[in-house]
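Scroll down for the structure; my scribbles are underneath it.
The values are calculated or read from the model by the stated rules, or taken from the named source; none is laboratory data. Values in this document were obtained by computation on a predicted structure and should not be read as measured data. So basically every Cβ, Gly included, is an ideal-geometry build from the backbone, and we count neighbours across all protein chains shown.
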Amino acid sequence: MRLPNSAFGRTVLLIGILLLINQCISYVSVAYYVIKPTQHQINHLIANQVRTLLISLQEENESTLERILHQHQQATGIRLLKQEQSELLGLHRAAYYASFSMMMSDELGGPAEVRISQGEQYLFWVKAPQAPDYWIRIPMNALDEAHFSPLVFYLFFIGILSVAGGWLFARQLHKPLKNLEKAALRAASGKSIKQVPEKGSSEVIAVTRAFNIMSTSIQQLEEDRSLLLAGVSHDLRTPLTRIRLATEMMVEEEEYLKEGIITDIEDMNGIIDQFMDYVRAGHPMDMKVIDINHLLGEVIIQEQFQQWEIETQLAQCPLPVLMNPVSLKRVLNNLIENAFRYSQGDIHIRSQLKDGNKIVCIQIMDCGPGIPPEQLSRVFEPFTRGDTARGSEGSGLGLAIVKRIVDVHGGSIKLQNRTDSSGLIASIHFLAHT
């Protein structure tokens with residue numbers, strides 16, 4: 001048996017097992033200490049009635065015997081019947097009870113047989129060893145089916161009530177943990193974190209309070225980082241602008257220096273822009289539902305203006321995704337430009353629905369040298385470049401920005417080398433909007 005993975009499931013399972021053991025012990029205890037003694041008592045009383053009736057059979061006068069049996073029947077309802085009469089009065093519908101038969105045999109000192117029939121009233125049929133040709137029919141007016149059901153009903157009702165109570169208890173115990181899990185997932189996806197209500201047991205309250213303190217610190221750290229990068233960007237651009245103006249005033253003999261300085265300034269401005277894009281990529285965005293094929297079409301048209309050849313295989317049906325179009329265009333532009341930068345031929349773009357139309361998949365494939373397998377798992381880390389083997393330069397933030405934007409959209413991105421030929425496949429997956 002495999003145990004549930006969640007603490008909630010394990011708590012409910014533990015309570016259920018304990019209740020099952022308790023119910024079994026209760027049932028055995030009641031059966032042994034209540035039902036069994038009651039059966040012995042009933043059997044003893046019936047045996048006494050049988051012995052009393054058997055004494056009457058010792059009367060040799062037939063008319064006197066009939067009168068005694070009639071009086072006995074009037075007083076107790078017990079009848080002494082022969083086999084034929086018993087069959088006519090319903091003996092064949094009576095069920096044989098081995099346990100009562102064994103106890104009756106012990107009471108009467110010989111092999112006895114007990115049958116019980118149910119109708120408007122319970123009837124005990126007893127064949128005594130002292131009178132094997134007769135059946136003694138004993139009505140149990142005070143005993144009906146309802147007297148046997150309370151134990152089963154009690155155990156069933158208490159079991160359901162206990163399991164339901166245990167489930168509610170476990171649910172109430174684990175609800176704060178569920179709220180904590182949702183808040184942690186929101187923090188992991190870069191979304192704003194609300195303070196989690198501090199409810200539950202003292203241990204859960206302590207963990208929730210620590211999480212709230214941590215989330216507040218993380219938000220403050222994000223704000224400080226954004227402010228720091230914005231300040232650095234502003235402070236750096238001012239001297240860079242002065243340097244650019246100074247280079248424009250250089251004499252013609254220093255033209256070779258001027259071009260190098262301007263190139264360096266543009267590279268530095270590009271790096272600063274990437275820093276700012278990386279910070280902004282994790283911020284909340286305005287989302288709306290758009291067909292990803294429509295967005296791909298716009299990006300492909302823009303890229304083809306640069307005389308690049310793109311082969312497409314787009315899904316024929318709409319691919320609705322909840323997105324921020326500007327941010328997602330940046331992702332597609334970045335991946336397509338990377339593909340052309342390293343490709344030794346055309347690139348191929350494909351879109352499709354997967355997993356029962358629940359997942360939208362976009363693939364961008366190039367024909368370049370690919371990335372060494374040991375670097376594939378690190379290329380999305382900031383300031384990490386997996387393209388050193390392909391001879392490019394950069395700050396190492398491009399794919400990190402792409403990863404952050406995809407994460408904010410609740411998607412996933414994966415890079416893998418092509419198996420059919422040289423090159424790289426960038427696969428992006430989003431939940432299809434329904």
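Restricting to segment 381-400, name every residue that is modelled with pLDDT of 75 or more and within 16 Å of Ala339 (Cβ to Cβ).
Applying the first criterion (modelled with pLDDT of 75 or more) to segment 381-400 yields 381, 398-400.
Result: Gly398, Leu399.
Taken over segment 19-59, the criterion of being among the hydrophobic types (A, V, I, L, M, F, W, C) and under 49 Å from the mean Cα position of the chain (by Cα) is satisfied by Leu19, Leu20, Ile21, Cys24, Ile25, Val28, Val30, Ala31, Val34, Ile35. The sole residue among Glu303, Glu311 that is modelled with pLDDT of 85 or more, among the acidic types (Asp, Glu) and under 27 Å from Ser422 (Cβ atoms) is Glu311.
Looking at the structure I just gave you, is Val406 modelled with pLDDT of 85 or more and in contact with a helix residue (DSSP H, G or I) (Cβ under 6 Å, 6 or more places away or on another chain)? For Val406, the condition - modelled with pLDDT of 85 or more and in contact with a helix residue (DSSP H, G or I) (Cβ under 6 Å, 6 or more places away or on another chain) - is not met.
A quick yes/no check of all residues on (1) over 26 Å from the mean Cα position of the chain (by Cα); (2) more than 16 Å from Lys175 (Cα to Cα); (3) at pLDDT below 80:
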{"site": "Lys194", "(1), (2), (3)": "no, yes, yes"}
{"site": "Ser201", "(1), (2), (3)": "no, no, yes"}
{"site": "Asn212", "(1), (2), (3)": "no, yes, no"}
{"site": "Ile218", "(1), (2), (3)": "yes, yes, yes"}
{"site": "Arg242", "(1), (2), (3)": "yes, yes, yes"}
{"site": "Thr247", "(1), (2), (3)": "yes, yes, no"}
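When segment 326-338 is limited to residues that are modelled with pLDDT of 85 or more and within 13 Å of Val408 (Cα to Cα), the one that is surrounded by the most Cβ atoms within 10 Å (Cβ to Cβ) turns out to be Val331.
If only residues of segment 160-217 that are under 28 Å from Ile15 (Cβ atoms) and of a type in the set (Val, Ile, Thr) are counted, the one that is surrounded by the most Cβ atoms within 10 Å (Cβ to Cβ) is Thr208. Remark: pairs (first residue in segment 176-192, closer than 14 Å to Ile218 by Cα and not assigned by TED's automatic domain parsing to the domain that holds Ser412; second residue modelled with pLDDT under 80 and part of a helix (DSSP H, G or I); Cβ separation under 8 Å; 6+ apart in sequence or on different chains) = Ala187/Ile218; Ser192/Arg186; Ser192/Gln219.
So which of Ala112, Ala95, Ala128 ends up being surrounded by fewer than 18 Cβ atoms within 10 Å (Cβ to Cβ) and modelled with pLDDT of 85 or more?
Ala95
Kindly indicate whether any position in segment 369-378 is in the same structural domain as Val402 (by TED's automatic domain parsing), under 19 Å from Leu399 (Cα atoms), of a type outside the set (Phe, Trp, Tyr) and touching a residue at least 60 places away in the same chain (Cβ under 8 Å).
Quick first cut of segment 369-378, residues in the same structural domain as Val402 (by TED's automatic domain parsing) only: 369-378.
From what's left, under 19 Å from Leu399 (Cα atoms): 369-378.
Now drop any that are not of a type outside the set (Phe, Trp, Tyr), which leaves 369-378.
Filter once more, keeping what is touching a residue at least 60 places away in the same chain (Cβ under 8 Å): none.
No; the residues of segment 369-378 include none that is in the same structural domain as Val402 (by TED's automatic domain parsing), under 19 Å from Leu399 (Cα atoms), of a type outside the set (Phe, Trp, Tyr) and touching a residue at least 60 places away in the same chain (Cβ under 8 Å).
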